[in-house]
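Student: After the structure tokens below, expect a handful of questions from me.
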Amino acid sequence: MSAVPRSEKPAGRFRRMLDRLSSSQEDLESEELREDAQTAGCTRIGDCHDRQVVTVTGTLRTVTLRPRAGVPALEAELFDGSAALDVVWLGRRSIVGIEPGRKLIASGRISMSRGRRVLFNPKYELRPLGRE
């Protein structure tokens, strides 16, 4: 047995092909999202901490309208392959282009709410549809 874990060994073309064939579709999509975040120069959501100012990227999994203290709030779950993040726009019922399956880049200060990472009223940039 080797002392180096399999994930740290250099992977040849055959090993990568076997890994792809034995991986689920969700695993492949998660890996693609992690690579996309790295190439965009964004922080991985899994590495974000409370009160940290970050720029993250990923795919919106869900988008819902959920009032907070009587004020409309558009909530979306952003996933980058490492973890999920709730993005909340207070006072908004809808935003053109914010829909499930859309990729975006969001910037702001992370906060923790009920054990989940939340980004309130972030600056955001929708990724072009042609690149998906």
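No value in this document is a laboratory result; all are computed from the given coordinates. Fair warning: this is a prediction, and the values are worked out from it, not measured in the lab. Here the Cβ is made from the backbone with ideal geometry for all residues, glycine too, and neighbour counts use every protein chain on show.
Student: Please work out the FRET efficiency for the pair LEU65 and GLU29, using the Cβ-Cβ distance as r and a Förster radius of 25 Å; give the result to the nearest 0.05.
Tutor: Computed FRET efficiency for LEU65 and GLU29: 0.45.
Student: So what's the net charge close to ARG34: Lys and Arg +1, Asp and Glu -1, counting the other residues with Cβ under 9 Å from its Cβ?
Tutor: Values: positive: ARG44; negative: GLU31, GLU32, GLU35, ASP36, ASP80.
So the environment of ARG34 carries a net charge of -4.
Student: Quote to one decimal, in nm, the extra length available between THR39 and SER94 on full extension: 0.36 nm per residue of separation minus the C-alpha distance between them.
Tutor: Here the answer is 16.8 nm.
Student: Convert 25 °C to kelvin, take the viscosity as 0.890 mPa s, use the Kirkwood radius over C-alpha pairs of region 44-132 as Rh, and evaluate the Stokes-Einstein diffusion coefficient in µm²/s, rounded to a whole number.
Tutor: So the translational diffusion coefficient is about 189 µm²/s.
Student: One quarter of the convex hull surface, Cα atoms only: what value does that give for region 87-132 in nm²? Can you show the working numbers first?
Tutor: Working: hull surface 15.4 nm².
Its average projected convex-hull area is 3.9 nm².
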